[in-house]
Amino acid sequence: AEVRKTRRKSKLGGGDAAVELCFDEVDGVGEYVEIEAIADEDRIAEAQGLVAEWAARFGLTEPEPRSYLRLLRDRRDG
């Protein structure tokens with residue numbers, strides 16, 4: 001299966017407190033926001049907290065662990 005999406009990116013914060021937001025419109029699935037922080041191995045917990053903080057600020061309360069491909073397949077099968 002092929003996943004088609006349109007993505008817009010934005011960065012928030014700076015330095016060690018920076019996160020990248022990806023606003024995705026996925027054909028046949030819907031709209032999603034990905035929040036990502038890049039961190040060294042010894043700062044993973046801090047990065048996870050930063051992502052959770054930004055998610056809360058935007059009211060993003062329902063994490064979606066499935067890939068876009070899985071979502072698309074589930075939608076077609078369901």
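When residues in the range 12-44 are screened for being open to solvent by 80 Å² or more (accessible area, probe 1.4 Å) and aliphatic (A, V, I, L, M), 1 of them pass. Within the range 1-11, restricting attention to residues that are outside any strand (DSSP E or B) and modelled with pLDDT of 85 or more, which residue is most open to solvent (accessible area, probe 1.4 Å)? Top of the filtered list is 4. When 52, 56 are checked against the criterion of being free of Cβ contacts under 8 Å to residues at least 40 places away in the same chain, among the aliphatic types (A, V, I, L, M), surrounded by 12 or more Cβ atoms within 10 Å (Cβ to Cβ) and over 23 Å from residue 3 (Cβ atoms), a single residue qualifies: 52. Filtered by the rule that a residue be touching a strand residue (DSSP E or B) at 6+ places or on another chain (Cβ under 9 Å) and modelled with pLDDT of 90 or more, the range 33-49 gives 33, 34, 35, 36, 37, 47. Can you find a residue that is of a type in the set (Val, Ile, Thr) and assigned to a helix (DSSP H, G or I) anywhere in the range 43-54? The answer is yes, given that some residue of the range 43-54 is of a type in the set (Val, Ile, Thr) and assigned to a helix (DSSP H, G or I).
The values are calculated or read from the model by the stated rules, or taken from the named source; none is laboratory data. Keep in mind the model is a prediction, meaning the values are calculated, not measured. With ideal geometry, Cβ positions are generated from the backbone for all residues, glycine too; neighbour counts draw on all protein chains shown. Each accessible area value is taken on the protein alone, full model and side chains, heavy atoms only, with ligands, DNA and RNA left out. Shrake-Rupley method; radii C 1.70, N 1.55, O 1.52, S 1.80 Å.
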